1. How many residues does the stretch 136-161 contain that are open to solvent by less than 10 Å² (accessible area, probe 1.4 Å) and part of a helix (DSSP H, G or I)?
2. Do the conditions hold for residue 188, that is, is it in contact with a Phe, Trp or Tyr (Cβ under 6 Å, 6 or more places away or on another chain) and either more than 17 Å from residue 127 (Cβ to Cβ) or open to solvent by 20 Å² or more (accessible area, probe 1.4 Å) (or both)?
3. Among (1) out of contact with any Lys or Arg (no Cβ under 6 Å at 6 or more places or on another chain); (2) open to solvent by 30 Å² or more (accessible area, probe 1.4 Å); (3) of a type outside the set (Val, Ile, Thr), there is one condition residue 105 misses while meeting the rest; what is its number?
4. Among all residue pairs at least 6 apart or on different chains, which show Cβ distances below 7 Å where the first residue, located in the stretch 90-108, is basic (Lys, Arg) and the second is open to solvent by 50 Å² or more (accessible area, probe 1.4 Å) and modelled with pLDDT of 95 or more?
5. Output the number of residues of the stretch 181-228 satisfying the condition of being in contact with a Gly (Cβ under 9 Å, 6 or more places away or on another chain), in a helix (DSSP H, G or I) and of a type in the set (S, T, N, Q).
6. Working only within the stretch 108-133, note down all residues that are of a type in the set (Phe, Trp, Tyr) and open to solvent by 10 Å² or more (accessible area, probe 1.4 Å).
7. Could you grab the pairs with beta carbons closer than 8 Å, sequence gap of 6+ or different chains, first residue in the stretch 47-68 and within 22 Å of residue 276 (Cα to Cα), second one of a type in the set (Gly, Ala, Ser) and open to solvent by 80 Å² or more (accessible area, probe 1.4 Å)?
8. Could you check how many residues of the stretch 139-153 are touching an Asp or Glu at 6+ places or on another chain (Cβ under 8 Å) and within 19 Å of residue 204 (Cα to Cα)?
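The values are calculated or read from the model by the stated rules, or taken from the named source; none is laboratory data. A quick note: this is a predicted structure, and the numbers were derived from the prediction, not measured. Note: ideal-geometry Cβ built from the backbone for every residue, glycine included; neighbour counts use all protein chains shown. With ligands, DNA and RNA removed, areas are computed over all heavy atoms of the protein, side chains included. Shrake-Rupley method; radii C 1.70, N 1.55, O 1.52, S 1.80 Å.
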Amino acid sequence: MLKSSTCFAAALSALIATSAAAEGELNLYSSRHYDTDENLYSDFEKATGITINRIEGKADELIARMEAEGANSPADILLTVDTSRLSRAKNAGILQPIESAVLEERIPNNLQDSDNEWFGFSQRGRIIFFDKENVANPPATYADLAKPEYKGQICIRSSSNTYNQTLLASIVTHEGPEAAKAWAEGIVANMAREPQGGDTDQLRGIVSGECDIAVSNTYYFARAIRKDVKGVSADIDAIGWVFPNQDSYGAHMNLSGAGVAANAPNKENAVLFLEYLASDSAQQYFSAGNDEFPAVEGVALADSVKSLGEFKADEVVLSDVAENLPTAQKIFNEAGWK
């Protein structure tokens, strides 16, 4: 269902009119490290007169900092990537419930925390990539990756990677812990090398011939379509891709999301900023600037993202997936996934 932009525009205008424009501040703790996000911040400042003060760092460091700061924390917003980190922040007690009709209307229900302590604003599919020349029958599902026929062919990140943790937690959610454990054990048996590097390194593994199949988030590949990425772009035509589970629950989607800090000194401005992130213009930045899928339905995709084709996305409630993260980590350990 297309979320109404008319309601959002009216609400945003009303909030801007009442939001202490030139005197306002917003303290943003962000683990997003993308240069294109600068446009997100500058456009918000121009539209509202609110000054954004940024503290940037790794997600776990920012969460620990907010915990240590406690009631004296200046943080208004935590902006980070992946459901696992958003869940970690909620469980640490550093976020608060948000009441916003705009966010409720704009953001799909499955991309919201069950207690409205965080909302997703952009998505990345975690999908299968393969060497077109060497793999005649690529895996069609996540379960297929664990089949013996792909032994010694798979490159994938470590079990400490949040994207993999959330993927496994989603498998637990859909299929139960026993099936998830069998899957993890199958992946370990099929690895071409020990887990190493980031998602781009998994794609480079295909190009270099270290592996025939890789698991990566879509935006790493789409970025290599849009601009030169060393070790990937020059040979990108040799790489094929599969959106898994198209005949069942669909491709797993990772989130980039945010929540209002539990002790936010500028709460009104914080909610306004989150509502701004749900606007069409901000959603287009996520796609055009960082090759992500917008969270809001109906927003135009960047050419690099559109070139991946249409697919069925998993619409599992991500707050349910978050509850299975501890189980996923236990399974990783038992499976010997380094």
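1. 1
2. Criteria met by residue 188.
3. Unmet condition: (1).
4. none
5. Going through the stretch 181-228 one residue at a time, the tally reaches 4.
6. 130
7. Sorted first by the residue in the stretch 47-68, then by its partner, the pairs are 49/22.
8. Total meeting the criteria: 2.
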